[in-house]
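Read through the structure below, which is laid out as structure tokens, and then see the notes.
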Amino acid sequence: MTSHLDLTPAQPWVEITTQESDWASANPQTLENMLGQLHLIRAFEEAVLQLASEGLVHGPAHSSVGQEGGAVGSIIGLSTSDAINGSHRGHHQFLAKVINHVSQGKLDVTNLVTADIQNVLQRTMAEILGLAQGYCHGRGGSMHLQSFEAGALGTNAIVGGGVPLAAGNAWAQKKAGTRDITVTYFGDGAVNIGSVLETMNLASAWKLPMCFFIENNMYAVSTHVSEATGEPRLSARGLGFAIPSWQVDGMDPLAVHLAMKEAEEYMRNGGGPTIIEANVYRFFHQNGSFPGSAFGYRSKEEEASWRERDPLLRIAKEMIEIGLIDQAGVDSVRDQAVRACEIAMAELTQDNPTAAGKRMIRPELWPDTSFVNVGVRGDASELDGLENLEPSESKATTVEMKFVDAIAAVLDRRMETDSRIVVLGEDIHRLNGGTNGATKGLSKKYPDRILGTPISENAFVGLGGGMALDGRFIPVVEFMYPDFMWVAADQVFNQIGKARHMFGGQNAVPLVLRTKVAMGSGYGSQHLMDPAGIFATSPGWRIVAPSTPADYVGLMNAALALQDPVLVLEHVDLYQDLGQVPEGNLDYHIEFSKAAIRRKGSDVTVLTYLSMVKHSLTAVEQSGVDAEVIDLRWLDRASLDWVTIEESIKKTNAVLIVEQGAIGTSYGAWLTDEIQRRFFDYLDQPVTRVHGGEASPSISKVLERAAIAGVEEIVEGLAKIQRGMGGNR
Amino acid sequence: MPIIMRMPEVLANVTEAILTSWMVPEGTAVTEGQPIAEVETEKALVEVTSEMNGVLARYLAPVGSTAQIGAPIAIFITQDEKGVDLDAFLAQESITQPAAPATAHAPEIPATKSNNEPVETAIEVPRERTSERLFASPLARKLAKSHGLDPELIIGTGPDGRIVRGDVEKFVASSGDKTVTVQAPASNEAIPHSRMRKAIARRLTESKSTVPHFYLNAECNVDLLLELRRQLNQWSSTKVSINDLIVKASAAAFGDVPDANVIWTDKELLRFADSDISIAVTTEKGLVTPVLRGVNKMSIFEVNQTALDLATRARQGRLKQHEIEGGSFSVTNLGMFGVQSFSAIINPPQSAILAVGAAKPKAIVVDGQIKIANTLELTLSVDHRAIDGALAAQWLSAFCKRIEEPMWVLI
């Protein structure tokens, strides 16, 4: 008979309930603040639902009616430098945080709506309606509400999508030596998604001062929490990650506040993350102004029972009992809130002249349509005035360096001169510089800024994103193989790639992502892609591809200086290459949007990058075609060197785009399209491409070679160009 | 076993020719050397003769069709093969009998020979160039338009016969760089270029623009020459002409100045032992220059007969190809039109041409006295690459000496 020992979780898991005494001993100002905020939010949400029912809210309106207690109770004690982010249902958290900020912890229920508060209500409403005066110039709407000034980092439309970003913010708060915390809000629907669970693990491993605040309203659209998980007591997850967890009645604002106070104590003292699960109820359906029972997935009785526990009713009752206010006072608070929202609505709407009795948005309040692409990325003006150097033209004395050593050298130099730079990735802190030696020597020099991550690409790149959005630190994230980006696709493309534009165009996202193309290494179908083609589809990302050690130094420096997310592409075939690097100078930049002509010629313009540059040059010598070989270096649509490309095509009248990888994810397709648009009349033959085959390269050596493009394929491409020139040249 | 007769290479470096007419009906017995068809190249109408004794069983090239050099044009059989199934034979040989002439030229299909053929992108399908669709690269169209050219005129050498930049550039270079589009008034007639017109245009443009011409003028007293002619024609049934005498005199002058009997090639000068001299014959179709071979070995009567025969056949379009090739020198005479003098363009690859004007009575000075004599003006155009000024002057002097003392023409 085996012996059993009951193992205990590493951290406590408790349920908190308030007693009478808690109410009696509560700070009256705190209660007054909570009462005021609860009413402002309730009136606001009702106004939004009203506007939605009139068809004036474009897209969904996810109301938080019924859930205000969880938001207000948890936020009321936070300072401006604490941060929150939330999900698609985030008006209540956003308003609580921003009202907190403008009211500086003091609401007067007899004069509730100050000018600042009126402004908050109006701008939030405007943002939800998509109007120019909103917090994100109308571009964010309900689901991308942001006010950095108030510590509201931004709501998120991807379920769980904001959670890794919150971790990044928390990391920055900790590293900066503050006692600040970040609270990330999400619901029972989000608690089961990878982003959330990965981040819980990461936050616990790295002891991040963040609170995972779960608003359990029991329904994800129409799916009940008991259907979606084996453990519907959602705070139980903390046990698995060694995170202390609290469960609390979310309809009791004081209970929530007191739970948060305990959690804050733990977090501000360096304990690490916490989980608070607040049981709440949304009185309406997932979006819009109908009750959920109208859609048949819950009963009217259930709804009625939760209505009786309305946090507004609860706090009023308790405050009246203590003698802090009377019913008339409570009614007055309600009236003031309702009136303020009516004023806000009146500012934003007008009578519809074509439909009697109906309202419409005031036409002059819409954003200018020319704003549509503003702020997709920065304008690169941050590179103005920086020291540029063109290695192939420089007369400076040089020293020979291996490519992979150049990576470590420039990262070392940047980390030495800029304490904001942080490098994160799998195993980069060990193995004498990660799996290829790219970070050699760095973890010894900068132990607290070289972070070896758990295998959670989504979480750790998202953490990097949150770090970049905060701005106090600059993350250099590594994906060990490019295909791993698929694992992190939401954070890479939906979050980092869109963050600047989505929230109105002003947020800098200074993040660098390094990865290495490994075709030829035998790692098989799931490790060997060239990610350039996919990243080129995301307009928020910039892409650089250095083909020499000296270019790597200059391009990495430029990438670190840019205020946009930049993919720095490496290649295993280049790591051992030797090159001449300017001696004693690791501070120069490669000029923005500048390609390098590696060989001048007059018969064809060869456009290529990374390891294919040297293969192209070899193929050109073999073929005898007088080709002009251009090393693109800057790959994304916005950074491509069109000046050099145009001059070359007008001279040669023929284009050969050369890349290594499979055709599906290939880079050259969009470039071909753009070239034929711009230079059709200068083309003497169709744009020709060299690329790999259909399937991902497999591990079998001969099959791998057959799947990718090499010198032989480039020679063939050049021969095709030659034939295309006809018999008279 | 039937034998396929193929289009012969009637002219160096042409790739195709037009089957202008069949001279014997299908099914006729022919002998070796018998002319059986007329074939037109850009320079001449040429007779094609049978290479065997047998029966010309079937035409494979219809009248008016263009055939590639080496393409099947007829089937020959022996007398006792008359019942053989020609269709089966053709099928066996994988020969398709072409239909009515199409203005198509089969383009080359580029062979894709690679070991690591990654992806079949577009399969290159050879295309017939029909009149409905012209294939030209965007750049070529733009260039053609800027030169005022109709792309239809240009032969494409790109894939599938596509007209590409190089083709337009070559066309522009060979047809002169300033092509002026002339707006023809409605009443004028537009005459499409014949092959011969195009050939003349091309060759003489090439000559004028690439050969460094220089010119020497002379005036000869031809009283004695005219008298000699009169005397000769008393004997001969055919009329010896001044031109015949000039041709003979030219050959004699080459005998005097053999260094002038040379032509220029890129590698070397070629010096000839004999004098092969071309005469210019005006025909309906255009200027033709048949060659008299070995004039230095001919009597004046032979020169006369040969020249007459060549001229006649030239006007009938019945010269053989070898009769219009070669020679180092041409004589061209517009005297019969009353032209006083003119400068001619050298016929490549020759090195000189003598342009002869009309013989006219003129006042000349002899021993300080003015006398009347018949003179004619000559202009010798010379290729400076092959013959320098002094050498040309020597030749001209020798020529004039012979002409003025014509006894020396006959010897």
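Points worth noting:
- Of B:170/B:198; A:174/A:516; A:440/A:594; B:248/B:320, those spanning more than 20 Å from alpha-carbon to alpha-carbon: A:174/A:516; A:440/A:594; B:248/B:320
- Between amide H atoms placed 1.01 Å from N, distances below 5 Å from residue A:606 occur with A:628, A:629, A:630, A:656, all of them 5 or more places distant or on a separate chain.
- Total charge dipole magnitude, chain A, about the Cα centre, Cβ charges on Lys, Arg, Asp, Glu only, Debye to nearest 20: 800
- Exceedance of the 23 Å cut-off in Cα-Cα distance is limited, within the set A:720/B:267; A:207/A:261; A:97/A:261; B:145/B:208, to A:720/B:267; B:145/B:208.
- Exposure proxy ranking for B:153, A:424, based on other Cβ atoms within 10 angstrom of each Cβ and starting from the fewest, stands as B:153, A:424.
- Antiparallel bridge percentage (DSSP; both residues within the stretch A:381-582; nearest 5): 20
- More than 58 Å apart - percent of Cα-Cα pairs taken over the protein assembly as shown: 45
- Cα gyration tensor shape of the stretch A:496-602, rounded if a/c is under 1.5, else prolate or oblate by comparing a/b with b/c: oblate
- Legend: mean number of C-beta atoms from other chains within 10 angstrom of residue C-beta atoms, peptide B:133-146, equals 3.
- The phi torsions of the stretch A:78-91, fed into the Karplus equation with coefficients 6.51, -1.76 and 1.60 and a -60° offset, translate into couplings of 8, 9, 4, 7, 6, 10, 10, 9, x, 9, 5, 9, x, 4 Hz, rounded to whole numbers, with Gly and Pro shown as x.
- Proxy reagent accessibility, fewest Cβ within 10 Å first, across A:528, B:378: B:378, A:528
- The alpha carbon gyration tensor of the stretch B:297-396 gives principal lengths a ≥ b ≥ c with a/c of 1.5 or higher and a/b no greater than b/c, which makes the shape oblate.
- Applying a DSSP loop filter and a limit of 16 other Cβ atoms within 10 Å to the GluC sites (Glu not before Pro) in the stretch A:1-89 leaves A:54.
- Pairs over the 25 Å Cα-Cα cut-off, from the set A:395/A:614; A:395/A:651; A:402/A:444: A:395/A:651.
- Whether the stretch A:15-363 is rounded, prolate or oblate, judged on the alpha carbon gyration tensor where a/c under 1.5 counts as rounded: rounded
- When both bridge partners sit in chain A, DSSP labels roughly 20% of those beta bridges antiparallel.
- Under 13 Å of direct C-alpha separation, and excluding same-chain neighbours fewer than eight residues apart, residue A:106 reaches these aspartates and glutamates: A:32, A:116.
- Within chain B, longest stretch free of exposed trypsin sites (Lys or Arg not before Pro) [DSSP loop, at most 13 other beta carbons within 10 Å]: B:268-411
- For residue A:424, the residues whose amide H sits under 5 Å from its own are A:451, A:476, A:477, A:478, ignoring neighbours fewer than 5 places away on the same chain, with H placed 1.01 Å from N.
- Spatially proximal lysines relative to residue A:300 (Cα-Cα < 28 Å; intrachain offsets below 8 disregarded): A:317
- Peptide A:675-683, shielding by other chains (average Cβ, 10 Å cutoff): 3
- Candidate cross-link partners of residue B:362 among the lysines, defined by an alpha-carbon separation under 22 Å and a same-chain spacing of 8 or more, comprise B:371, B:401.
- Cleavage-rule hits, trypsin sites (Lys or Arg not before Pro), the stretch A:52-130, DSSP coil, Cβ neighbours within 10 Å at most 16: A:106
- Counting Cβ atoms of other protein chains within 10 Å of each Cβ in A:716-728 and taking the mean gives 6.
- Around the amide H of residue A:571, modelled in the peptide plane, lie the amide H atoms of A:517, all under 5 Å away and 5 or more residues distant in sequence or on another chain.
- Going by neighbour counts of Cβ atoms within 10 Å, the residues A:553, A:613 line up, fewest first, as A:613, A:553.
No value in this document is a laboratory result; all are computed from the given coordinates. This structure is a prediction, so every number in the text was calculated from the model and none was measured. Note that each Cβ is placed from the backbone with ideal geometry, even for glycine, and that neighbours are counted across all protein chains shown.
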